[in-house]
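The values are calculated or read from the model by the stated rules, or taken from the named source; none is laboratory data. In this text, all values refer to a predicted model and were calculated from it rather than measured experimentally. Every residue, glycine as well, gets a Cβ built from its backbone with ideal geometry; the counts of neighbours run over all protein chains shown. These area figures cover heavy atoms from the full protein model, side chains too; ligands, DNA and RNA do not enter into them. Shrake-Rupley method; radii C 1.70, N 1.55, O 1.52, S 1.80 Å.
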Amino acid sequence: MITDIASYLKFFDSVRRRTERDVAALPPEAAAWRPPAIAGESEWSIGQIIDHLGGSRLYFASAYRGEGWLWTRTETVMDADDPRTWLPWLRTSAERFTARLADTPAEWLTRRVEMIDTPGAALSGWRILMMMIEHEVHHRSQIDAYAGLQGWPVPDIFNRSAEHITTLQGEQRARHAR
C-alpha cells in the first residue's frame, strides 16, 4: 500500500522515465506501422497508444481527485503520426499528472472512490493510482512487443538483459550455496 503521495510520485517518475526511454528507442518507421486491423484498441497505431497513455494519466488523476472518471482529450499538439510529438506529449502529461497530485492530502490515499461502471463498488485512492501505473506498463509492454516483432530495438528493463543475468548465475550460485 502507498502511504504518502511523494513516494508514489517518485515511483511514477521511474515508470514514466522507462516509458519515455522505450518510446525514444523507436525508429522513425514506427510512425507508419499498423497492427492488423481488427477493432478498437487492438488496431491502434503506436502513436495512438502513446496519445492514449498520456491522456490516461490525466483520467486517473481526475478519478483520484474525486472529479469523476473524466477523459480529457489532448490539449497539446500530439500527432499520432508524427513521432516528434510523442515524447513532448508524454512529458507534458507526466508534468500535469504530477502537478494534479503533488499537494493532495495523504488521507485521499485511503478514501474510497466509486468506480465508473460499477455503482456501489469503490476503490481506495492508492489502488486507483496503482491502476494508472499498471495501465502504463501494459501499454508500454504493448509498444515493446510490437517493436520486438518488427525487429526494432527493445530496451532492457532496468538495463539488464536476461542473457546478462544468465552469465552471472554461476557466481551467484557459488556465493549463495546452501
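Largest GNM mean-square fluctuation across H52, H138, H164, computed for the chain with C-alpha springs under 10 Å, falls on H164. Can you compute the label reach from A121? Point 7 Å from Cα along the Cβ direction, backbone N cut-off under 16 Å, restricted to the range 38-82. Residues 69 qualify, since their backbone N sits under 16 Å from the label point.
Charge tally for P88 (other residues, Cβ to Cβ under 11 Å; Lys, Arg +1; Asp, Glu -1): -2. Rounded to the nearest 0.05, the FRET efficiency derived from the C-beta distance between V15 and A39 at R0 = 41 Å is 0.90. Distances between placed amide hydrogens fall under 5 Å for R65 paired with no residue 5 or more residues away or on another chain. For the chain, set up a Gaussian network in which alpha carbons nearer than 10 Å are linked by springs, and say which option among A30, A106, A39 fluctuates the most. Largest GNM mean-square fluctuation: A39.
For the range 122-166, the residues whose amide N sits under 18 Å from a probe point set 7 Å from the Cα of R175 along the beta carbon direction are 159-166.
Any idea what the relative contact order of the chain is, in percent, if you count C-alpha pairs under 8 Å spaced at least 6 apart? Reported relative contact order: 27 percent. Near A122, the amide H atoms lying under 5 Å from its own belong to M115; only residues 5 or more places off or on other chains count, and H is placed 1.01 Å from N. Across the range 21-27, computed HN-Hα scalar couplings (Karplus, 6.51 cos²θ - 1.76 cosθ + 1.60, θ = phi - 60°) run 4, 5, 5, 5, 7, 5, x Hz from first to last residue, x flagging Gly and Pro.
With all pairs of separate Cα atoms included, the range 35-178 yields a Kirkwood hydrodynamic radius of 17.9 Å. Grouping the Cα pair distances of the range 1-79 into 5 Å bins from zero gives a pair-distance distribution of 3, 12, 16, 21, 21, 14, 8, 4, 1 percent in increasing distance order. Per-atom-type breakdown for the chain gives carbon and sulfur 55% of the accessible area (1.4 Å probe, protein chains only).
Between rounded, prolate and oblate, where does the range 1-43 land on the alpha carbon gyration tensor, with a ≥ b ≥ c its root eigenvalues, rounded for a/c under 1.5, else prolate if a/b exceeds b/c? It comes out oblate by the Cα gyration axes. Sequentially through the range 33-44, phi angles give Karplus couplings (6.51, -1.76, 1.60; θ = phi - 60°) of 5, 9, x, x, 5, 10, 5, x, 4, 5, 10, 5 Hz, Gly and Pro residues having no value and appearing as x.
Backbone geometry of the range 9-19 corresponds, through the Karplus equation with coefficients 6.51, -1.76 and 1.60 at θ = phi - 60°, to 3J(HN,Hα) couplings of 5, 5, 5, 4, 4, 5, 5, 5, 5, 5, 4 Hz, x marking Gly and Pro. What the pair-distance distribution of the range 81-137 shows, using all Cα-Cα distances binned every 5 Å from zero, is 4, 15, 17, 23, 17, 11, 7, 5, 1 percent. Ellipticity at 222 nm from helices only: DSSP H runs of n ≥ 4 in the chain, each -39500 (n - 2.57), divided by the residue count, give -17500 deg cm²/dmol. Considering only D79, D117, D51, the mean-square fluctuation computed in a Gaussian network model of the chain, springs between alpha carbons under 10 angstrom, is largest for D117.
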